[in-house]
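The values are calculated or read from the model by the stated rules, or taken from the named source; none is laboratory data. Because the structure is a prediction, the values reported are computed rather than measured. So basically every Cβ, Gly included, is an ideal-geometry build from the backbone, and we count neighbours across all protein chains shown. Side chains are part of the model used for accessible areas, which takes the heavy atoms of the whole protein and leaves out ligands, DNA and RNA. Shrake-Rupley method; radii C 1.70, N 1.55, O 1.52, S 1.80 Å.
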Amino acid sequence: MSEPRWVPWARRFVLGFLALFTLVPLYVMVSSSLKPLGDVQGGWEWVPTTLTIQPFFDIWETIPLAEYFVNSLVISGSAAILSVVIAIFAAYALSRFRFRGKNFFKMTVLSTQMFPGILFLLPLFLIFVNIGNTTGIVLYGSRLGLIVTYLTFSLPFAIWMLAGYIDSIPKELDEAAMVDGTGPFGALVRVVVPAAMPGIVAVGIYSFMTAWGEVLFASVMTDSGTRTLAVGLQEYSTQVQVYWNQVMAASLIVSVPVVAGFLLLQRYLVAGLTAGAVK
């Protein structure tokens, strides 16, 4: 049965609208980053009369952007790596072993996603401060504290998705590896992890992106020495001036790691999300 004639046109209209909805803000960001500050603050022009790349040099001097970039890279990368490692072991246990409280644990992990993040802000702040006062381990205002905070967000989703992905891997592969003389850990490392690589990559990208763009906890749990990019961009706005062209230029620089990682690992991400969504 052929589809009605209006369907292709409706499809084109919707896709065109979505493309404009995505590309117009991107064009505004790029064009504003290439304008002098006076032109940005004046009346809007779709075609810039003056183009300059000076804002891309000024962004590193107006605020310590390089320091914030390193902080974000260390925190996001560490949170992503730890999420992947912990989620692999937890998901393998949920998928391959039977133990008391297994279903309760799975539902508990999933239920944590129902609560808004701001609900945990004050409890985590108090916990970090009390741990620092009691043990001397500095969590508040440190990279370690923010890494632990982001793990609480990414781990539940990572465990749940990887468990579903590992369920799709035949158990006979594990059993064949054990017949050859390896144990459960060897089967995990040599068989399951290579087979589950698309799901692992998807979890890593999700964990990295979650930490890279987070603002609420980063604005409370960091100080001037551990501030991340998402919070540091606010410093382009002062009491007397807002450097809009530098804000746009810095926003483009900030988005490069996430966009580049997504483009390079897109096929793994799609395969991981698709396979992990069903059993």
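When residues of region 185-204 are filtered for being over 16 Å from I159 (Cα atoms) and among the small types (G, A, S), how many remain? Final tally of qualifying residues: 3.
Search region 126-152 for residues being of a type in the set (V, I, T) and open to solvent by 80 Å² or more (accessible area, probe 1.4 Å), and hand back the single one that is nearest to Y68 (Cα to Cα). Filtering first and then ranking leaves V138.
Need the failing condition index for T135 against (1) at pLDDT 85 or above; (2) under 23 Å from G77 (Cβ atoms), just the number. T135 satisfies every listed condition except (2).
Yes/no matrix, rows are residues, columns are (1) open to solvent by 20 Å² or more (accessible area, probe 1.4 Å); (2) in contact (Cβ under 8 Å) with a residue 40 or more places away in the chain:
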site	(1), (2)
V193	yes, yes
G199	no, yes
G204	no, yes
E214	yes, yes
A218	no, yes
T222	no, yes
L229	no, yes
Q234	yes, no
V240	yes, no
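Residues that are surrounded by fewer than 14 Cβ atoms within 10 Å (Cβ to Cβ) and either modelled with pLDDT under 80 or over 13 Å from Y92 (Cβ atoms) (or both) within region 164-177 comprise P170, E172, E175, A176, listed in sequence order.
If you go through region 243-265 one residue at a time, do you hit one that is outside any helix (DSSP H, G or I), touching a residue at least 40 places away in the same chain (Cβ under 8 Å) and either more than 17 Å from the chain's Cα centre (by Cα) or within 17 Å of S33 (Cβ to Cβ) (or both)? Yes, region 243-265 has at least one match.
Step by step: first the residues of region 88-125, then only those that are in contact with a Pro (Cβ under 9 Å, 6 or more places away or on another chain) and surrounded by 12 or more Cβ atoms within 10 Å (Cβ to Cβ), then the one that is farthest from I169 (Cα to Cα). Which residue is that? Restricting to residues being in contact with a Pro (Cβ under 9 Å, 6 or more places away or on another chain) and surrounded by 12 or more Cβ atoms within 10 Å (Cβ to Cβ), the top hit is T112. For region 25-40, state whether one or more residues are closer than 19 Å to W212 by Cβ, touching a Leu at 6+ places or on another chain (Cβ under 7 Å) and open to solvent by less than 60 Å² (accessible area, probe 1.4 Å). Looking for residues that are closer than 19 Å to W212 by Cβ, touching a Leu at 6+ places or on another chain (Cβ under 7 Å) and open to solvent by less than 60 Å² (accessible area, probe 1.4 Å), one finds at least one in region 25-40, hence yes. Checked against the criterion of being in contact (Cβ under 8 Å) with a residue 60 or more places away in the chain and within 23 Å of I205 (Cβ to Cβ), the candidates D174, D167 yield just one match: D167. Out of everything in region 178-191 that is over 22 Å from F105 (Cα atoms) and in a helix (DSSP H, G or I), what residue ends up being most open to solvent (accessible area, probe 1.4 Å)? Among residues in region 178-191 that are over 22 Å from F105 (Cα atoms) and in a helix (DSSP H, G or I), the one most open to solvent (accessible area, probe 1.4 Å) is R190. Across region 231-254, the number of residues qualifying as modelled with pLDDT under 85 and in contact with an Asp or Glu (Cβ under 6 Å, 6 or more places away or on another chain) comes to 0. Among the residues of region 54-85, those that are open to solvent by 40 Å² or more (accessible area, probe 1.4 Å) and either aromatic (F, W, Y) or under 15 Å from A230 (Cα atoms) (or both) comprise F56, F57, W60, P64, A66, E67, F69, V70, L73, V74. When the criteria are applied in full, T228 fails the requirement of being modelled with pLDDT under 85 and within 30 Å of V24 (Cβ to Cβ). Please determine whether any residue of region 35-51 is hydroxyl-bearing (S, T, Y) and in a helix (DSSP H, G or I). No, there is no match, as no residue in region 35-51 is hydroxyl-bearing (S, T, Y) and in a helix (DSSP H, G or I).
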